[in-house]
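Participant: I have a structure here, written as structure tokens, and I will follow up with some questions on it.
Just so it is clear, none of the values below were taken in a lab; they were calculated from the coordinates. Values in this document were obtained by computation on a predicted structure and should not be read as measured data. Don't worry about glycine lacking a Cβ; one is built from the backbone with ideal geometry, like all the others, and counts go over all protein chains shown.
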Protein chains: 4
Amino acid sequence: MYPPSIQKLIEQFSKFPTVGPRTAARFVFYLIKLPKGELEKLVKSISDVREKINFCSFCFNTFESTSSEKRLCSICTNPIRNKSLLCIVERETDLLSLERIKKYKGLYFILGGTVSTLKENDVKKIRMEELVDRIKNPLNFIKNSPGFEEIILATNPTIEGEATALYIERLLKSLKAGNGPVESIKITRLARGLPTGGELEYADEETLSSALEGRK
Amino acid sequence: MYPPSIQKLIEQFSKFPTVGPRTAARFVFYLIKLPKGELEKLVKSISDVREKINFCSFCFNTFESTSSEKRLCSICTNPIRNKSLLCIVERETDLLSLERIKKYKGLYFILGGTVSTLKENDVKKIRMEELVDRIKNPLNFIKNSPGFEEIILATNPTIEGEATALYIERLLKSLKAGNGPVESIKITRLARGLPTGGELEYADEETLSSALEGRK
Amino acid sequence: MYPPSIQKLIEQFSKFPTVGPRTAARFVFYLIKLPKGELEKLVKSISDVREKINFCSFCFNTFESTSSEKRLCSICTNPIRNKSLLCIVERETDLLSLERIKKYKGLYFILGGTVSTLKENDVKKIRMEELVDRIKNPLNFIKNSPGFEEIILATNPTIEGEATALYIERLLKSLKAGNGPVESIKITRLARGLPTGGELEYADEETLSSALEGRK
Amino acid sequence: MYPPSIQKLIEQFSKFPTVGPRTAARFVFYLIKLPKGELEKLVKSISDVREKINFCSFCFNTFESTSSEKRLCSICTNPIRNKSLLCIVERETDLLSLERIKKYKGLYFILGGTVSTLKENDVKKIRMEELVDRIKNPLNFIKNSPGFEEIILATNPTIEGEATALYIERLLKSLKAGNGPVESIKITRLARGLPTGGELEYADEETLSSALEGRK
């Protein structure tokens, strides 16, 4: 019903996360009416972001660099961060949420997703090999790395996040068996319990059990 | 907190209709991970849509044309459409909604918005002058135009849409006074009443009054 | 888990419209804590409502009467109401919604529900026989009734409401065939169209078609 | 608009928790149509619940008893429950939520609400005096009570619940000062953290901080 060039762009916008065809159509008409200069700026920003953004070679966080020599993000190179502490998260946005509370002072590792099954093909979609490599050989990535003392599995407490944490936990335990530097790593999970504003009456049984057992 | 090139694109996406900063960030990370070929296709589509899309010189509907000579959209040039019937809508999406029901066989005019006040500056934002010009001089735009017999004010029954319809109605009435070809134009409004699935108990008083008065 | 007398009352409140077991439990604890005088007043009101409330012998509207002689509600006995106009509604709440807009001046008939199928058992649940009786023999119910000139089918434009209206319409048409006083009754429906605040873009096709066809 | 006896009952139902006038009206029409026997059963259940239900003289939980001698609920008299553990909750429904997970084996105390300010009048609305009495003199209520070793403040993590917990905590600390049997009582709180299905990205900062600090 729309002209082909509009239809095509609607289809492309419809692939954006959370966007359906109706919203995609509104995006297209927004762009059609945008002053030409603004549209060019948008196109430039889209191209720029792909050119300027690098992924940290340790944690896969995004960072911007003009120099091709810089390989690590500002967290991984920050001399104040505790390099014996590693927090494994699903996505960039989780890293950002944790940074926002300004309580965590260690390093991160971004998995890039979750596994819902433990099939090989599914596991390949997240950065498991990369994770193991960084835990076993931290010095290959971080100069003067002291190795890790604690690894926090900070996946979301959703079904997929829990399955992923369980998978990583098992893998790390198998790694630890008889492996000097890795053996003593403490593995922890974020606390489960009642969130701010939560109510006992509406809490699910698992959350309430965690809240009771973790009381202090 | 994000690298500057990401931050900048987030700000640009945040101006898209319905998009907030959190969704904008998800868009950016979606683009960062998109295969390079796909990203280039997206950028091309955005540029294309601006180059290929023309606005119909009568109704302001969008249409695609390679030839610079084509000035009218496929509705305005369709020989089967009733050219004595004009439906005034707020936006392209309203035109599309009406086309979808396949019941309307006349022409359209897209206002490009609504007026919330009747101040001159506000009225200038919508295509009032253009509308008056097309009603008074249809032959300047549509070859063999018979002039209009009925004008349907199909703005939304929202506060702004109603105000806009009222404004246009008054203007058309002042136009009609002593003006031969315009004098006999019938001005109509879309019927107000209960929508499909609506319930009397939850209908507002205005809707229920319209439903009662318009019974048949 | 609750004591039996609480559990029993929860079950009874759970049968109230819109009430689930959790809300029912809150009702019970509300009652347990209510000052004794207030609880007694509530119990008295519940008993009162059953004793004092009568159903109008013409329209089935509820009304309160101390005298057992009064058979008709205040609408049916109001000398100003137009007794040749009948509006058929599903429930009391629909009658009240229509009264609230102060535009309707005829009589009502409360069906007591809708039919979803046209099976005999289903039809028996609503007051079809009573309706037919009142239309054919209005003088048996309303003194000096002039008979009906117009019957408004004001069921909700939901699937059930539409099916019920269709059923009544057919029945009335079969009644009219060769039946003197009934023959000339006009049968109407509430207007369908866009409700206040509705938008063309989000209107379903049926509503939009009605709005277009019913334009005026 | 409704007859007075209906209007009155609507007003009474409108005071029920979560009930507005529209729902209250639906309740009344539900009752009007209820078979007479069912209505009488409902009225009887309402009266019964007030006559049969007692409040436990230790924890204020509701229980049903025909004998006027029974003063304690089935939790407080259960020989298997750990009588040195006390869990303070806001309401009966919180006690029930905790019982449902079958993990808690101590006693309860129902405060009957929360304090939003620490003003005397506000504090009087909840059972603070009764709480202090039971902590100081458990043997007056529970035969062979060993006194309390741990008190769990299980108010909701809402603003009011937090304020109430803080108030109780301070009060208990002042009680402990130099008071033999009370001095050694451990005071705990339910764990705060991410609930089941929660996501880091949408967690508030306080919840995320608790989840990080409470990791294990």
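Participant: Run the reach check for B:Lys8 against lysines, Cα to Cα strictly under 25 Å, same-chain hits fewer than 8 apart removed. What comes back?
Facilitator: Within reach: A:Lys15, A:Lys33, A:Lys36, A:Lys41, A:Lys44, A:Lys52, A:Lys70, A:Lys102, B:Lys33, B:Lys36, B:Lys41, B:Lys44.
Participant: Taking each residue in B:48-61, count the Cβ atoms of any other chain within 10 Å of its Cβ, then average. What number comes out?
Facilitator: Per residue, the average neighbour count from other chains is 3.
Participant: Averaged over its residues, how many other protein chain Cβ atoms are within 10 Å of peptide A:14-26's Cβ atoms?
Facilitator: Numbers: counts 0, 4, 10, 5, 7, 7, 0, 0, 4, 5, 0, 4, 8.
The shielding value for this peptide is 4.
Participant: Then there's this: With an 8 Å Cα cut-off and a minimum separation of 6 or more residues, compute the relative contact order for region B:85-189 in percent. Don't skip to the end; give the middle numbers.
Facilitator: Numbers: 138 pairs, mean separation 30.8, N = 105.
Reported as a whole number, the value is 29 percent.
Participant: Also, I was wondering about something else. In nm, to one decimal, how far is the modelled label at A:Lys176 from the one at B:Lys216, with both set 7 Å along Cα→Cβ?
Facilitator: Result: 7.9 nm between the two label points.
Participant: Let me ask another. What residues have an amide H closer than 5 Å to that of B:Phe58, excluding those fewer than 5 places away on the same chain, when H is modeled at 1.01 Å from N in the peptide plane?
Facilitator: It is B:Cys73, by chain and number.
Participant: Moving on to the next point. Of all DSSP beta bridges in the protein assembly as shown, what percent run antiparallel (nearest 5)? Walk me through the numbers before you get to the answer.
Facilitator: Numbers: 12 of 67 bridges.
Counting DSSP beta bridges with both partners in the protein assembly as shown, the antiparallel share is about 20 percent.
Participant: Between helix D:36-52 and chain D, what is the angle of the helix's C-alpha long axis to the longest principal axis, kept within 0 to 90° and rounded to the nearest 10?
Facilitator: That works out to roughly 30 degrees.
Participant: Here is a follow-up. Note down the nm distance, to one decimal, between modelled labels 7 Å out along Cα→Cβ at C:Arg50 and at D:Leu96.
Facilitator: Computed distance between label sites C:Arg50 and D:Leu96 equals 2.5 nm.
Participant: Then there is this: Using the Cα gyration tensor of region B:85-189, with a ≥ b ≥ c the square roots of its eigenvalues, what is the shape: rounded (a/c below 1.5), prolate (a/b larger than b/c) or oblate (neither)?
Facilitator: oblate
Participant: Shifting gears a bit: Which percent, to the nearest 5, of DSSP beta bridges fully inside chain A are antiparallel? Working shown, then result.
Facilitator: Details: 3 of 16 bridges.
That works out to approximately 20 percent antiparallel.
Participant: For C:Lys173, go through the lysines and keep the ones whose alpha-carbon is under 25 Å away, minus same-chain ones fewer than eight residues off.
Facilitator: B:Lys216, C:Lys83, C:Lys105, C:Lys119, C:Lys124, C:Lys125, C:Lys136, C:Lys186
Participant: Over chain B, with a Gaussian network built from C-alpha contacts below 10 Å, which listed residue (B:Gly20, B:Gly113, B:Gly147) shows the highest mean-square fluctuation?
Facilitator: Looking only at B:Gly20, B:Gly113, B:Gly147, the biggest GNM fluctuation is shown by B:Gly20.
Participant: Can you list the residues, at least 5 places off or on another chain, whose amide H is less than 5 Å from the amide H of C:Gly106, using H built in the peptide plane?
Facilitator: Amide H neighbours of C:Gly106: C:Asn82.
Participant: How do A:Ser84, C:Ser184 line up, fewest other C-beta atoms within 10 Å first? List each step's numbers first, then the result.
Facilitator: Working: A:Ser84 15, C:Ser184 11.
Exposure proxy ranking, most exposed first: C:Ser184, A:Ser84.
Participant: Related question: Taking a quarter of the surface of the Cα convex hull of the protein assembly as shown, what do you get in nm²?
Facilitator: Values: hull surface 207.9 nm².
Taking a quarter of the hull surface, the average projection is 52.0 nm².
Participant: Any idea what angle helix B:159-176 forms with the longest principal axis of chain B, computed on alpha-carbon atoms, 0 to 90 degrees, nearest 10?
Facilitator: 40
Participant: Moving on. Kindly put B:Glu120, A:Glu129 in sequence by how many other C-beta atoms sit within 10 Å of each C-beta, fewest to most. Kindly include the intermediate steps, with their values, before the conclusion.
Facilitator: Working: B:Glu120 7, A:Glu129 10.
Least crowded to most crowded, the residues run B:Glu120, A:Glu129.
Participant: Just how far, in whole angstrom, is region B:93-171 from region B:196-210 if you go by their alpha carbon centroids?
Facilitator: Taking the Cα centre of region B:93-171 as reference, the centre of region B:196-210 is 27 Å away.
Participant: Quick one: among A:Leu166, A:Leu34, A:Leu95, which has the greatest mean-square fluctuation in a GNM of chain A with alpha-carbon springs under 10 angstrom?
Facilitator: Answer for the Gaussian network model of chain A: A:Leu34.
Participant: Here's a follow-up. Sorted from fewest to most neighbouring beta carbons within 10 Å, what does the list D:Val28, A:Val132 look like?
Facilitator: Working: D:Val28 25, A:Val132 15.
With the sparsest Cβ surroundings first, the list reads A:Val132, D:Val28.
Participant: Helix A:4-14 against the longest principal axis of chain A: what's the angle in degrees, Cα atoms only, rounded to the nearest 10?
Facilitator: 20
Participant: Shifting gears a bit: Would you kindly work out, in nm and rounded to one decimal, the distances from the label point of D:Thr77 to those of the same position in each other copy, ordered shortest first, with label points 7 Å along Cα-to-Cβ?
Facilitator: D:Thr77 label point versus its equivalents elsewhere: 5.8, 7.4, 9.2 nm.
Participant: Of the residues A:Ala154, A:Ala165, A:Ala191, which exhibits the maximal mean-square fluctuation in a Gaussian network model of chain A defined by a 10 Å Cα contact cut-off?
Facilitator: Most flexible of the set in this elastic network: A:Ala191.
Participant: Whose Cβ in chain C comes nearest the axis that rotates C onto D, and by how many Å?
Facilitator: Axis relating chain C to chain D; nearest Cβ residue and distance: C:Val43, 3.
Participant: State, to one decimal in nm and shortest first, how far the label point of C:Glu40 sits from each corresponding label point in the other identical copies (label point: 7 angstrom along Cα-to-Cβ).
Facilitator: Copy-to-copy label distances at C:Glu40, shortest first: 2.2, 8.6, 8.8 nm.
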